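Nothing in this text is a laboratory measurement; each read-out follows from the coordinates by a stated rule. Everything quoted here is computed from the prediction, not taken from an experiment. Neighbour counts are summed over all protein chains in view; Cβ atoms, including those assigned to glycine, are modelled from backbone coordinates with ideal geometry.
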Amino acid sequence: MPLFSLMSWNPSGSGLTIAWLLLPFLAAFLAALLPRLARPLILLVVASTLAMALAARLGWLPSELLLLGPLGVRLQVDPLASPLLLLAALVSAAVLVEGWGRDPDKPFLLLLLLLQGGIHSAIVASDLISIYVAQEVVGISTFLLLVQGNRAPQLWIGLRYLLIGNSVMLLYLLGAALVYREQSSFALEGLEQSSGIALALLLVALFTKAELFISGLWLPRTNAVAPAAVSALISGGVVCAGLAPLLRIAAAVESVGPLLRWIGLASALLGLVFALAERRVARLLAWSTISQMGMVLLVPAAGGLYALAHGLAKAALFLVSERLPAVSLDAWRAQALPWRHGAPLLLASLSIAGSPPLLGFLAKEQLSVGLAGPQAGLLPIAVLLLSVGTAAVYARLWRLPSNAAMEKEGKPASPGARLLVAALLLLNLTPWALEAWSTLMGQGMTNALLKSAGLLLAGFGLQRLWPKGANGFRLPDLEGFDDLLGGGALMGTALMLLLSR
Amino acid sequence: MCCLVSKKSIVGFLNIRLVCEFMAILDAIDGFRVMEGLLLLTVFTGFVGLLLRRNLFLKVMGMDVMGTGVISFFVLVAARSGFRTPILDGNAVVLDGRDWADPIPQAVILTAVVIGLSIQALLLVAITRLASVDPSLDGVQLDQLGRD
């Protein structure tokens, strides 16, 4: 009954938003009864989310929604949420078309709907408890997607993900209780005055969910074991669910800004070093995700666009890499690469490396604009070096596709990756990018183009000159189950020490 | 018989005295702070169990202890303003100066209880399946599964 009273239409906003948030869950229920409907329902959810993302970007909706009174649920469908919603919708669509022939009686599509619902809520939720609930929905549906294959490694990886995810969310809940004890409210604004311990507990959980620094170390093994579609969802959608609350906290609590920058920088560096030393493709992509998520955190205001560009490209890379037989990088270089796989692969990785006219270029430029300023110090230079490193990481995947080779054999082109790469190009013409492009034009395009070309060349050169001796260098294995828990504990302790005031 | 009863009553009396004295001490040093500390200790103990136990089942139990601590902490936060159950009787006045418990944390933690329960059920199902790989459920052994 309260549901209907909430939905009694005031079409100007709240009813629409609530209907949109409920749609995936109702669709999942329907798809459980009538599996044949699952595909059109997912398309419907994707279309509604695209519409909401556009409406949020253009400010057509009231940006804040308070349900059930001042202590109740608070939702924000605002410009911060917009690019993340867009990313989640596009990646879901790509995963759907990628497995279009998939048996609809299998629960994959149903779980995809649940995951979509969780991600949408997590992106727009802006009070501590709604964020908690949404994170747990995302966690449970990701776990179920991970264990779909029912093989022992997948079960173990899924279990690891859920156990660690839930443990850190318990810490989050404890942090929320401390905030409530001090502020008598679960609103994010209260965090500014709340104690450092509460903030540290909240952040350590969100760092794990957003795949950052040592809290994100669960990712490489997860991506190596998971099917490509699930990996694409994790790096394109699930990560948004963790990033959105972090970006909201960064916007609400000014004092936490420098800390987030340092964590972002550390994460970017850690991911980069491990990606340069990695020998398997899926794990290289995962390490690069950890590195790129760190970059997102450097300038939270530009973070949405950066996450969008990265998520689209990374999901495309996962979808393409599954269609190629090689798993290790050595075999990767030896295999023939036909254009139908080579083109999306090159475009997506060039986008992450920051090559125009792809969306990644614009995101990188926005990032350096956001970093410029008198207090930035050495940060712009550090970001420049990290960008060279990123280009070097992806240069490890690059080779010229050949026309003759393997044209007949091998798997057909990946429709999902095509969709995502098309989005990387076409989104430049939409409201998400047009404004940034016009400011960039105003500041002088030539400099930006030259910088980008220099970065790419430097990265490529670095990769060429990299010592090929045996395995490059060996790094410690930090990804055991106990290492992950210990890493979380270390992170939590460090945050408490840093934030105690 | 009488002896036994008197002994029992004396012991009982002593116990009551002890409890009373303990409560007095608690009153002096703010019982809420003590309870809070104990509950935080519970959460910490659960985390240590999660970290140090090799057996997967015990790890999940450790997580459960953590959850228990967190839930009780919410209940404690709710009880700060009073112990009376916040259920209205008809049109009773809410702000009548009586010591109502805060309903918000209680309502919120109900969701977390349900979520915790369902996650634990999922974890235990996964553990049952993994038991066919390694019946001893040794976390270190199972960790080899994700490696290549």
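Multiplying the residue separation of residue B:129 and residue B:61 by 0.36 nm and subtracting their alpha-carbon distance yields 22.7 nm.
Residue separation of residue A:262 and residue A:58 scaled by 0.36 nm, minus their Cα-Cα distance, works out to 70.2 nm of gained length. Going by neighbour counts of Cβ atoms within 10 Å, the residues B:57, A:361 line up, fewest first, as B:57, A:361. Take the Cβ atoms of residue A:450 and residue A:51, set R0 to 41 Å, and the FRET efficiency comes out at 0.60. Each peptide in A:318-326, A:253-261 gets a packing score, the mean of other Cβ atoms within 10 Å over its residues, and the list from highest to lowest is A:318-326, A:253-261. The 3J(HN,Hα) values that the Karplus relation (6.51, -1.76, 1.60; θ = phi - 60°) gives for the stretch A:74-86 are, in residue order, 10, 10, 10, 9, 10, x, 5, 6, 4, x, 5, 5, 4 Hz. Gly and Pro appear as x. Just name one of B:66, B:43, B:146: the one whose Cα is farthest towards the positive end of the charge dipole of the stretch B:31-146 (beta-carbon charges, Lys/Arg +1, Asp/Glu -1). Value: B:146. Ordering B:30, A:78, A:127 by the number of other Cβ atoms within 10 Å of each residue's own Cβ, fewest first, gives B:30, A:78, A:127.
Peptide B:57-67 has a mean shielding of 3, counted as Cβ atoms of other protein chains within 10 Å of each residue's Cβ. Using alpha carbons only, the radius of gyration of chain A set against its Kirkwood radius gives Rg/Rh = 0.95.
Relative to the Cα centre, the charge distribution of the protein assembly as shown, modelled as +1 at Lys and Arg Cβ and -1 at Asp and Glu Cβ, gives a dipole magnitude of about 1560 debye. What does a probe at residue A:254 reach in the stretch A:474-501, counting residues whose amide N is under 11 Å from the point 7 Å along Cα→Cβ? No residue passes the distance filter.
Rounded to whole numbers, the Karplus 3J(HN,Hα) couplings from phi for the stretch A:381-386 are 5, 4, 5, 4, 5, 4 Hz, using 6.51 cos²θ - 1.76 cosθ + 1.60 with θ = phi - 60°, and x at Gly and Pro. Here's how it looks for residue A:402: its modeled amide H is under 5 Å from those of A:337, A:339, which are all 5 or more places away or on a different chain.
Highest mean packing comes first when the peptides A:337-344, A:375-382 are listed by Cβ atoms within 10 Å, giving A:337-344, A:375-382.
Roughly what would the spin-label model give for residue B:51 and residue A:384, points 7 Å off Cα along C-beta, in nm? With each label point 7 Å from Cα toward Cβ, the separation is 4.1 nm.
Starting from the Cα of residue A:482, step 7 Å toward the Cβ, then list every residue of the stretch B:121-146 with an amide N under 17 Å from that point. Hits in the stretch B:121-146 for residue A:482 at 17 Å: B:136-146. The mean number of partner chain beta-carbon atoms within 10 angstrom of a residue's beta-carbon across peptide A:477-485 is 4. Between residue A:443 and residue A:402, residue separation times 0.36 nm minus the direct Cα-Cα distance comes to 10.9 nm. Distance between the pseudo-spin-label points of residue A:68 and residue A:279 (7 Å out from Cα toward the beta carbon): 5.3 nm. Comparing A:65, A:45, A:276 along the charge dipole axis of the protein assembly as shown, the residue lying farthest to the positive side is A:276, per the Cβ-charge model.
Backbone geometry of the stretch A:251-257 corresponds, through the Karplus equation with coefficients 6.51, -1.76 and 1.60 at θ = phi - 60°, to 3J(HN,Hα) couplings of 6, 7, 10, 5, 5, 8, x Hz, x marking Gly and Pro.
Net charge dipole, the stretch A:338-481: roughly 420 debye, given to the nearest 20, about the Cα centre with Cβ charges of +1 for Lys and Arg and -1 for Asp and Glu.
Between the alpha-carbon centres of the stretch A:9-71 and the stretch A:219-249 there is a gap of 22 Å. Give me the percent relative contact order of chain A, please, defined on Cα pairs under 8 angstrom at least 6 residues apart. Contact order relative to length: 15 percent. Annotation for residue B:72 and residue A:489: the two label points, set 7 Å from Cα along the Cα-Cβ direction, are 2.1 nm apart.
Ordering A:439-449, A:416-426 by mean Cβ neighbour count within 10 Å, with the highest value first, yields A:416-426, A:439-449. With unit charges on the beta carbons (Lys and Arg positive, Asp and Glu negative) and the dipole taken about the Cα centre of the protein assembly as shown, which residue among A:460, A:215, A:116 sits farthest to the positive side? Looking along the dipole axis, the top candidate is A:460. Inter-chain Cβ neighbour count for B:35-47, averaged per residue, equals 2 (cutoff 10 Å, partner chain atoms only).
The relative contact order of the stretch B:31-146, computed from alpha carbon pairs under 8 Å that lie at least 6 residues apart in sequence, is 26 percent. Counting only residues at least eight positions apart within a chain, or on another chain, the aspartates and glutamates with an alpha carbon under 13 Å from that of residue A:451 are A:365. Each principal axis of the Cα cloud of the stretch B:31-146 was evaluated for its coordinate range; sorted largest first, these ranges are 61, 31, 18 Å.
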